[in-house]
1. By average Cβ neighbour count within 10 Å, what is the ranking of 275-285, 145-155 from highest down?
2. Quote to one decimal, in nm, the extra length available between residue 138 and residue 308 on full extension: 0.36 nm per residue of separation minus the C-alpha distance between them.
3. With r defined as the distance between the Cβ atoms of residue 194 and residue 316 and R0 fixed at 25 Å, what FRET efficiency is calculated, to the nearest 0.05?
4. How do 198, 58 rank when sorted from fewest to most other Cβ atoms within 10 Å of their own Cβ?
5. Plugging the Kirkwood radius over Cα pairs into Stokes-Einstein for segment 228-329, at a temperature of 37 °C and a viscosity of 0.692 mPa s, what D comes out in µm²/s?
6. Using only the C-alpha atoms of segment 1-121, find the volume of their convex hull and express it per residue in Å³.
7. Calculate the translational D of segment 54-202 in whole µm² s⁻¹ from Stokes-Einstein, where the hydrodynamic radius comes from the Kirkwood formula applied to all Cα pairs, the temperature is 25 °C and the viscosity 0.890 mPa s.
8. Considering only 142, 200, 79, give the residue with the highest GNM mean-square fluctuation for the chain, with springs between Cα atoms whenever their separation is below 10 Å.
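Any read-out appearing in this document is the output of simple, stated calculations on the displayed coordinates, not a laboratory observation. Remember, it's a predicted structure, so these values are computed and weren't measured experimentally. Glycine gets a Cβ as well: all are built from the backbone with ideal geometry, and neighbour counts include every protein chain shown.
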C-alpha cells in the first residue's frame with residue numbers, strides 16, 4: 001500500500017465501507033445498522049456476539065461479509081459433544097515413511113482462519129467454550145507446550161439463539177466480556193421480507209467479490225488506534241461505564257436497584273475504540289459524544305448483570321442503557 005496521510009486513509013476507509021455495503025446488498029436485505037456495527041467492531045479489532053432468532057440470516061451475513069473482505073473464513077457448529085481440540089487442533093503421531101522416525105505433529109484446527117464463525121456458541125459446554133479464550137485475547141493457541149500464532153487479522157463472530165435455553169450453556173460473564181460488541185438482529189420489516197422471499201425463492205444467485213484486500217484492512221485497523229479522541233469523549237466513555245456499577249456513587253439511583261454487577265474498564269476502552277471506528281467509517285477525523293452514545297448499547301448490553309427483580313419485571317438491558325445515557329451528562 002502506498003503511503004497515505006491519516007486524512008486520506010479516513011477517506012479510503014469510508015469509501016471502502018460504502019463499497020462493502022453496496023456489495024452486501026446483492027445478498028443481504030436491510031440490516032444496515034447491524035452491518036455498520038459489524039464493520040466498526042472489525043476495524044476496531046474486537047470480537048462480536050450476534051444474537052437473533054433462527055432464520056434471520058446471521059450465518060449468511062457473516063459468510064457474505066467474509067467474502068467482501070476477501071479473508072479466509074471457517075465455521076464451527078457448536079454442539080454438546082464438541083471438544084476443545086476440535087476447535088484449536090491437536091497433536092497426532094505421524095511417521096516419516098523415508099526414515100521411519102515417529103514424531104508428534106500439530107494439526108491446526110478451524111480456529112486458524114481470519115474470520116471464525118462460532119455458530120450457536122451456547123450449545124457447547126464451558127470447557128469447549130473456553131478454548132476460544134486464549135485465541136480471542138492473545139491471538140494465539142497453545143497445544144502440548146507449544147504456542148502457535150493465529151493469522152492476522154483474526155475475528156471471532158459468535159451467534160446465539162435467545163429463545164432456546166434448554167440444553168444450552170450460557171456464556172460466563174468473563175467470556176462475554178471478551179466480546180467487544182453484542183449485536184441483536186431483529187425481524188425484517190414488511191417490505192424487506194418481501195424482497196428476501198423473492199430473492200431466496202428464485203434460481204438467480206448473486207456471487208460476491210472481494211472489495212478490500214488484506215493490506216488495506218490492516219491499514220484501516222492501525223488507523224483506528226491512531227485517531228485522536230478528545231478528553232471530553234474519553235471522559236464521557238468512562239462516566240458511562242462507571243454508571244453501570246451499582247456499588248459506586250457514579251451509578252444513578254434508579255439504576256442501582258436494577259443491577260448486581262456492571263461493566264469493567266474494558267467497556268470504557270471499547271466505547272472509545274468503537275467511537276473512533278464509527279468516526280472513521282463516516283469519514284470524520286475524530287469521534288464526538290454522539291459516537292460514544294452510538295456504541296453504548298452494543299458495548300454495554302452483555303456486560304450488565306441484572307437483579308432478579310429487574311429480570312422478573314421484564315426490564316431489558318436496552319432499557320437500563322437508555323436510563324444511563326439519559327442520566328450521564
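1. Top to bottom by mean Cβ count within 10 Å: 275-285, 145-155.
2. 57.7 nm
3. Efficiency, rounded to the nearest 0.05: 0.30.
4. Going from least to most buried by this count: 198, 58.
5. 241
6. Value for segment 1-121: 179 Å³ per residue.
7. This corresponds to a translational diffusion coefficient of 141 µm²/s.
8. In the Gaussian network model the winner is 200.
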